[in-house]
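Q: Before we start, here is the structure in question, set down as structure tokens.
The values are calculated or read from the model by the stated rules, or taken from the named source; none is laboratory data. Predicted model only: the values in this text are computed from it and were never measured. Positions of Cβ are backbone-derived with ideal geometry, glycine not excepted, and every protein chain shown enters the neighbour counts. Ligands, DNA and RNA are stripped out before the accessible areas are found, and what is left, the full protein with its side chains, is counted by its heavy atoms. Shrake-Rupley method; radii C 1.70, N 1.55, O 1.52, S 1.80 Å.
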Amino acid sequence: NKKNDQENVDFETAISLTGFGKYNYLMLLVAVPAAWSTLFDTTTMSYILPSAECDLSLSNLNKGVLNAMVYAGMISSAFLWGFLSDTLGRRKLLVAGYLVLAIIMILSSLSQVFWVLALFKFFGGFVSSGPFAVLLTYLAEFNSSQHRARIMMIVGIYTSLGIITVPGLAWLLIPQSWSWTLFGDYKFNSWRLFLLVSAVPGLLGGCTIWFFEESPKFLMSSGRTQEALNVFRKVYRINTGNPAEMYPVVSLAKDNRAEKETATPEESQSKNRDPMIFLKEGYKQIRPFFHKPYVSKALLVFTIQFGGLWSLNTIRLWLPQLFAIVEEYFTLNESTSGNATLCDMLSMRTGKQVVNETALSLDQVCVPVQVGDTMYLYSIIVGAITALFNLSASSVINCLGKKKILIIGYLGGCCCVVAMYWCNSMEILLVLSSLYIGSGSMSANALLSVVVDLFPTTLRTTAVSMTMMIGRIGALTGNLTFPVFLEVSCSLPFFLMGAIMCLCSLLTCILPRTTGKALE
């Protein structure tokens, strides 16, 4: 042993001694398709709805269900992924998760009827919610505390680029007139090809992560310190170019968790795999949020998140459809285009569908929305502006404070969504929707940051997870109710979402100050 060899080294010291180099850069490269996979699964549906309307005989409610099913899947598997991640390990779960998600997306592209596509979207949501959260943990556990924040920021940039990539890919494929009939009456056309190509990031992510090592942090927490040491040595060798034997650690400290649980890795794993112990632990983690002193804080942030994401994700996922309808209206009614509001355009389209449905008995065909280039171009612009909002969020929050950002963001969102009711041009709709979705996304991120400040360290992870799940329930509710309210009265969903955003802004005013980093 060399003089500088270290024994019983903790995780942070061990990972910092591996350096930052090729291994970390390769992981960041692999993170691109992995991060995009989840984003593609949750976003692609909103771009195919105008084109798939007639192929799948979709009503407005059917479209709402297709947008909502992803969130229904995410909610149903919310408590599963933490258990699986701690039982199976990060790497296995990521490989299996992304490959299964890719297979589901490929199968969804073959759907010929509405309910089959809805079922695959549910399963896609069920699978997709886990891998992304596990990916962040996996990346964090291969980087020292010095680089961890930067890595998370880079993944945020990937997500922002993905928001722009989805409409770009849709623009490239969906407008094409490609159509193939297989096995007699089995139809495969451009929007189905778009869904098929959207599975590529998942395939790439799952296949490439296979070549990386298991998280050394997970191995240490499972009591498998020798395996963890081998991983550290390999990362050190690839990062520095030095032989693995030169890694200056000869043994690792046992993780506190492993010591508490059992003496051997085998016993530890069998205990981890007991679902009843997992459920009891889960209940212990959730219980404090229903009792003082945390119940009032939890109720407040959960309500704000529910309302904020109800409004934000409803408009976000229906926006391509709105752009398509408005674009079609201006194409067909150039002479009267300046006088009609958004609701006039929507009511004309709804009326047209009713006429078509009645006409089907006379053997006339359904007339889909005429989708032009503007829908895709404007969706890319909204995505780019949203990305700018998200990337500038940290500096804006540091300048103004989290509480002010939330109040301004939700109040601005209220004004934008209500103003959409009187919108009478594509350009105004673009400006309002860009500001609305951008400020809404920034507010959602700021609220999660507030949650971290409001709760103690032992409850933070659970608090963030529960807040995100409540937000998904809001998104699910919004997408299911939007078409129903639209049928009752066009003004109802816009004014309701405006009222919800206004309420979120008011509730933000009564958020308590935090110790340490204040909200103000």
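Q: Using packing as a proxy for protection, rank 149-161, 55-67, 110-122 so that the peptide with the highest average count of other Cβ atoms within 10 Å comes first.
A: Order by mean packing, descending: 55-67, 110-122, 149-161.
Q: If you don't mind, another one. Counting only protein heavy atoms and using a 1.4 Å probe, what share of the accessible area of the chain belongs to carbon plus sulfur, as a whole percent? Please report the intermediate quantities before stating the final value.
A: Working: 14960 of 22930 Å².
On the chain, the fraction of accessible area on carbon and sulfur atoms equals 65 percent.
Q: Also, I was wondering about something else. Add +1 for every Lys or Arg and -1 for every Asp or Glu among the other residues with Cβ under 15 Å from the Cβ of Gly413, and state the total. The partial results should precede the final answer.
A: Details: positive: Arg316, Lys404; negative: none.
Once positives and negatives cancel, what remains is +2.
Q: In the structure displayed, which of Lys92/Lys121; Lys121/Lys403; Lys63/Lys187 lie more than 26 Å apart, Cα to Cα?
A: Numbers: Lys92/Lys121 23 Å; Lys121/Lys403 36 Å; Lys63/Lys187 20 Å.
Flagged as over cut-off: Lys121/Lys403.
Q: Could you work out the local net charge near Ser505, counting Lys and Arg as +1, Asp and Glu as -1, over the other residues with Cβ closer than 15 Å to its Cβ?
A: Charge balance near Ser505 sits at +3.
Q: Using alpha-carbon positions, what is the distance between the centroids of the stretch 494-514 and the stretch 6-54, in Å?
A: Each part's Cα centre sits 33 Å from the other's.
Q: In addition: Which cross-chain or sequence-distant (5 or more) residues have an amide H under 5 Å from the amide H of Val249, H modelled 1.01 Å from N in plane?
A: Gln6
Q: Determine the per residue accessible area of the stretch 8-164 with all protein chains present and a 1.4 angstrom probe, expressed in square angstrom.
A: On the way: 5360 Å² over 157 residues.
Heavy-atom accessible area per residue stands at 34 Å².
Q: If one takes the longest principal axis of the Cα atoms in the chain, at what angle in degrees, from 0 to 90 and to the nearest 10, does the Cα axis of helix 457-488 lie?
A: Compared with the principal axis, the helix lies near 10 degrees.
Q: Further, regarding this structure: So how far, in whole Å, is the C-alpha centre of the stretch 293-331 from the one of the stretch 386-435?
A: Centre-to-centre distance over Cα atoms comes out at 12 Å.
Q: Can you give the angle from 0 to 90° between the axis of helix 491-509 and the longest principal axis of the chain, with both taken from C-alpha atoms, to the nearest 10?
A: That works out to roughly 30 degrees.
Q: When you count, for each residue, the other Cβ atoms within 10 Å and take the mean per peptide, how do 171-179, 495-503 rank with the highest first? Mind showing how you got there, number by number?
A: Values: 171-179: 14.8, 495-503: 20.0.
Packing proxy ranking, top to bottom: 495-503, 171-179.
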